[in-house]
Amino acid sequence: MKESILKRVEKPSRYIGGEYGAPKLKKGRFNFCICFPDVYEVAMSNLSIRIVADVINKVEGATCDRCFAPWSDLGDILKKEGVLLESLDLKMPLKDFDMLGFTLQYEMSYTTILYMLDLAGIPLKREDRGEEFPIIQAGGPCAVNPEPLADFIDIFVVGDGEESMQELAKLKMECKSKSEFLQRACSVQGVYVPSLVDVKYKENGQIEGFSIKEPIKKALLKDLDGAEFPSVQAVPNCESVFDRAVIEVMRGCYRGCRFCQAGFIYRPVRARGVKTLTEQACSLVKGSGFSELGLNSLSTGDYPHLKELIRSLKDNLPSDVHLSLPSLRLDSFDGEFVQESRKSSLTFAPEAGTQRLRDVINKDITEEDVERGLNMAFDNGYTGIKLYFMFGLPTETEEDIIAICDIVDRIRKIYSANPQRARRLRISVSASTFIPKPFTPFQWERQITEAEVKQKVDLLRSRLYSKNTTVSWNDFALSEMEAVLARGDRRVGRVILRAYEKGCYFDGWTDKFDAKKWNEAFEEVNVDKTFYTREWGEDEILPWDLIDVFVDKAFLLRERKKAYRAEVTGSCKTGCKGCGIQKVYGCNV
Amino acid sequence: MILFKFTKTGGAEFLAHLDILRHIGRTMRRAGVKVAFSQGFNPHMLVYMSAPMGIGIPSLAEYCQIDTDEPPESFIEKFNEFAPNGLTCVGAWTTQGKVGVASDIVKAEYTVKGINKFDVSDLLQRQEFIITTKDGREKNVRELIYSAEWEGDILRAVIGFGNGLRIEKFTDKLLELYGGNEVVATKTRGLNKDGKDFEDGIK
């Protein structure tokens, strides 16, 4: 990027690249650019794109560069002055790459993909791109329902990227044309090429069928411990969302909370060994100088050798390296592991107010678990608690909302039971709207309406106002749009395109999200959003039925029925629940 | 304690002040240089930097002090092996206690390219050099302009530092008075009140 442009934008260090620890790249025979449809600080905190870049760079002849979405100030300048978006390391225009790989981490980033293609001078729709343009690939968790992006993406990779991305890189070097590559890529597990699959719709708008006989199986990495993992981590030029070294302790989750997509699509649970993790951690910390190490997974508290791992890390890392354990669930929270410093606020996610509703969602926590966890936290000096809840879960009643207030009362009582806890306890309650997601037992559920959300918020606020507790809830329109994009079919692509044309991008940033424009987009392309937020029929063909994540639909239906009976299934650790993944992987539980 | 001087070029001029502080801390950790930590609730490395400059101005003379017993020679070597691109240590000295890296560098020398050639005596004889501050006030900063001379097409000037005249404001005003295009300024020296290089003033 030219200096004269950099001088005119906020945080220019987002665009200079050359971070300490970033690989020194040379153009290869196959040039790939991993693209993250969000700003530098978010992208640099993401582990998956580091893994993909690392595995591709390890393929002989292949090079993986990076590009992140320029903030709107730079985007405006590029558009106005006709400067094409370029990669961070080789400073090469994106359109000169062989392939661009977008990571789909959250649905609200979809318009930002179009924004990046647009800035790169690449036609947005795949049918408008000839051989002269790069192949546009996408992967990541949201790729389990690729259909809303089917008009824009040439090739999706569903599932684990370690092996599949290397195979694609090698294959691309053998192929002479885009069409040859796309045809042959279909033999790689996890690959979905939308141009080779047709979808038929019924008159009522539901799907009649797909032109493929077998669904696309996701790519499945069987040996996580032996898998490639980057041995160095680039140090971001400017402070990022997570400024720390990160190891991936486990992939998948034993729990199976019925609303949680990650809990199903990342199955089976695969863990790395203590030795491997310790080596990876030491290498990253030494090479980066980070003073914090993140132990990532969906539920690190469930890692079978957590105590052993923490002991090993403390023994081998510099003594002042702070361990951070995200996504600790309430019941696996163990005071012993809490870091000595930074005792400020602890985040718990009970998700629902009553035990009944927690049973409905298979969030296997009891009041005693909560109490034990909290007492340990308070004894360790925590004086702030953040509680996360969801509104609009299936079977929710007023009683469930009111019970949230009881939880707050009980927490205060637990806190004040020990007079030595002198500082006032801060409690904040955060509520989001339930979003039904593909491949969960709740994938057929409807999403509640704005009026219902308002009623619930009012009820909660009226009960909690007097109790020195902050209450916040997220924008309904944003949750609604996320629901539509998550469960959308190919027709939703038209909405995404129109929304982008109307100026929507960075929709995940609340101050940039413009519900009015989105609603206009639906109307202008004649797509009814309530079609996607309604309750779906169990016998209906779902847009994501063309993908197989190895979790049986029959299992999901069984789980849905159990949810209505408020029956807990529990963690895989208590025995195999027969979700289907056992047919392709020997889960050792 | 060690005082060191480093350059900020080749892209590093776009790093923000606080980010450079973080990068120096991480450089120390990577290099295995032992640095003292502050006491208290959130211990942090004892690193002191000279006053911040506008983002995007390359510099050949940034100063920083670190509480470490590392000898100057090995400090320079380790710093340069482990620092991010564009940050290069060009000198280091052991000091007895803290020196005023933030307070005692009150002048700086810059080279400026891109201003149309003008008669420096016109500039130096002026009674007024009015700039507009961030909050829109007009301010006469003539007394913060100490010297200016031409070296070919490059203007070498010493102006105040950290006390009310930013280099961008200075070059903007020159541009307004004398014209020019694609102005590029580089900080070349950090000076104390006597006009000496900061490190010479404390030795």
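A few remarks follow.
Conditions tested, residue by residue: (1) closer than 24 Å to A:A566 by Cβ; (2) aliphatic (A, V, I, L, M).
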{"residue": "A:L393", "(1), (2)": "yes, yes"}
{"residue": "A:E396", "(1), (2)": "yes, no"}
{"residue": "A:D400", "(1), (2)": "yes, no"}
{"residue": "A:V408", "(1), (2)": "yes, yes"}
{"residue": "A:R424", "(1), (2)": "no, no"}
{"residue": "A:I427", "(1), (2)": "no, yes"}
{"residue": "A:P441", "(1), (2)": "yes, no"}
{"residue": "A:W444", "(1), (2)": "yes, no"}
{"residue": "A:Q447", "(1), (2)": "yes, no"}
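- Residue, nearest to A:L25 (Cα to Cα), within the range A:78-92, restricted to residues that are out of contact with any Gly (no Cβ under 6 Å at 6 or more places or on another chain) and either outside the structural domain of A:V42 (by TED's automatic domain parsing) or surrounded by 17 or more Cβ atoms within 10 Å (Cβ to Cβ) (or both): A:L90
- Candidates in the range A:14-30 are the residues that are touching an Asp or Glu at 6+ places or on another chain (Cβ under 6 Å) and surrounded by 21 or more Cβ atoms within 10 Å (Cβ to Cβ); of these, the one that is nearest to the other protein chains (Cβ to nearest Cβ) is A:G17.
- Counted as qualifying within the range B:29-124 are the strands (runs of 3 or more DSSP E) with 3 or more residues that are within 26 Å of B:N192 (Cβ to Cβ) and either more than 14 Å from every other protein chain (Cβ to nearest Cβ) or not β-branched (V, I, T) (or both), namely B:59-66, B:87-94, B:107-115.
- Exactly one residue among A:I51, A:I34 is modelled with pLDDT of 95 or more, closer than 26 Å to A:L168 by Cα and crowded, with 23+ Cβ neighbours inside 10 Å, and that residue is A:I34.
- Residue under evaluation B:F129, criteria (1) in the same structural domain as B:N181 (by TED's automatic domain parsing); (2) out of contact with any strand residue (DSSP E or B) (no Cβ under 8 Å at 6 or more places or on another chain), criterion not met: (2)
- Count - residues of the range A:123-149 that are assigned to a loop (DSSP other than H, G, I, E, B), buried (at least 22 other Cβ atoms within 10 Å of the Cβ) and on the phi < 0 side of the Ramachandran plot: 3
- Criterion (at pLDDT below 95 and either in a loop (DSSP other than H, G, I, E, B) or closer than 28 Å to A:T354 by Cα (or both)) met by exactly one of A:D539, A:D511: A:D511
- Residue count, the range A:202-239 (criterion: among the small types (G, A, S), surrounded by fewer than 18 Cβ atoms within 10 Å (Cβ to Cβ) and outside any strand (DSSP E or B)): 4
- Unique residue being modelled with pLDDT under 95 and within 14 Å of chain B (Cβ to nearest Cβ) when the list is A:K91, A:K7, A:K11: A:K7
- When A:A521, A:A554, A:A563 are checked against the criterion of being farther than 19 Å from A:R487 by Cβ, outside the structural domain of A:V191 (by TED's automatic domain parsing) and out of contact with any strand residue (DSSP E or B) (no Cβ under 7 Å at 6 or more places or on another chain), A:A554 stands alone in meeting it.
- Inspection of the range A:401-423 finds no residue satisfying the criterion of being surrounded by fewer than 22 Cβ atoms within 10 Å (Cβ to Cβ), out of contact with any helix residue (DSSP H, G or I) (no Cβ under 7 Å at 6 or more places or on another chain), within 14 Å of another protein chain (Cβ to nearest Cβ) and of a type in the set (S, T, Y).
- For the range A:184-193, the criterion of being more than 14 Å from chain B (Cβ to nearest Cβ), touching a residue at least 40 places away in the same chain (Cβ under 8 Å) and not in a loop (DSSP other than H, G, I, E, B) is satisfied by at least one residue.
- Looking at B:F129, B:F161, B:F118, B:F170, just one residue is aromatic (F, W, Y) and under 28 Å from B:N80 (Cα atoms), and that residue is B:F161.
- The residues in the range A:38-77 that are over 23 Å from B:F14 (Cβ atoms) and either assigned by TED's automatic domain parsing to the domain that holds A:L284 or part of a loop (DSSP other than H, G, I, E, B) (or both) can be counted, and the count is 4.
- Any hit, the range B:173-185, residues being without any contact (Cβ under 8 Å) to a residue 24 or more places away in the chain and not in a loop (DSSP other than H, G, I, E, B): yes
- A:V246 of a type outside the set (S, T, N, Q), out of contact with any Phe, Trp or Tyr (no Cβ under 7 Å at 6 or more places or on another chain) and within 14 Å of another protein chain (Cβ to nearest Cβ): no
- Residue satisfying condition, being among the aliphatic types (A, V, I, L, M) and either without any contact (Cβ under 8 Å) to a residue 12 or more places away in the chain or assigned to a helix (DSSP H, G or I) (or both), within set A:I401, A:I385, A:I435: A:I401
- For the range A:1-37, a residue qualifies if it is within 17 Å of A:Q233 (Cβ to Cβ) and either touching a Leu at 6+ places or on another chain (Cβ under 6 Å) or outside the structural domain of A:I77 (by TED's automatic domain parsing) (or both), and the qualifying residues are A:G17, A:L25.
- Residue within the range A:490-506 that is more than 20 Å from the chain's Cα centre (by Cα), closer than 30 Å to A:E127 by Cβ and among the acidic types (D, E) present: yes
- Number of residues in the range B:13-28 that are part of a helix (DSSP H, G or I) and within 8 Å of chain A (Cβ to nearest Cβ) equals 9.
- Annotation note: of A:L298, A:L284, A:L317, the sole residue that is on the phi < 0 side of the Ramachandran plot, hydrophobic (A, V, I, L, M, F, W, C) and away from chain B (no Cβ under 14 Å) is A:L298.
- Residue check for A:C260: touching a residue at least 12 places away in the same chain (Cβ under 8 Å) and either of a type in the set (D, E) or part of a loop (DSSP other than H, G, I, E, B) (or both): yes
- If you go through the range B:186-203 and keep only what is touching a Gly at 6+ places or on another chain (Cβ under 6 Å) and assigned to a helix (DSSP H, G or I), you end up with just B:F198.
The values are calculated or read from the model by the stated rules, or taken from the named source; none is laboratory data. Computed from a prediction, not measured in an experiment: that's the story for all the values here. For neighbour counting, all protein chains shown are included, and Cβ atoms are generated from backbone atoms with ideal geometry for every residue, glycine included.
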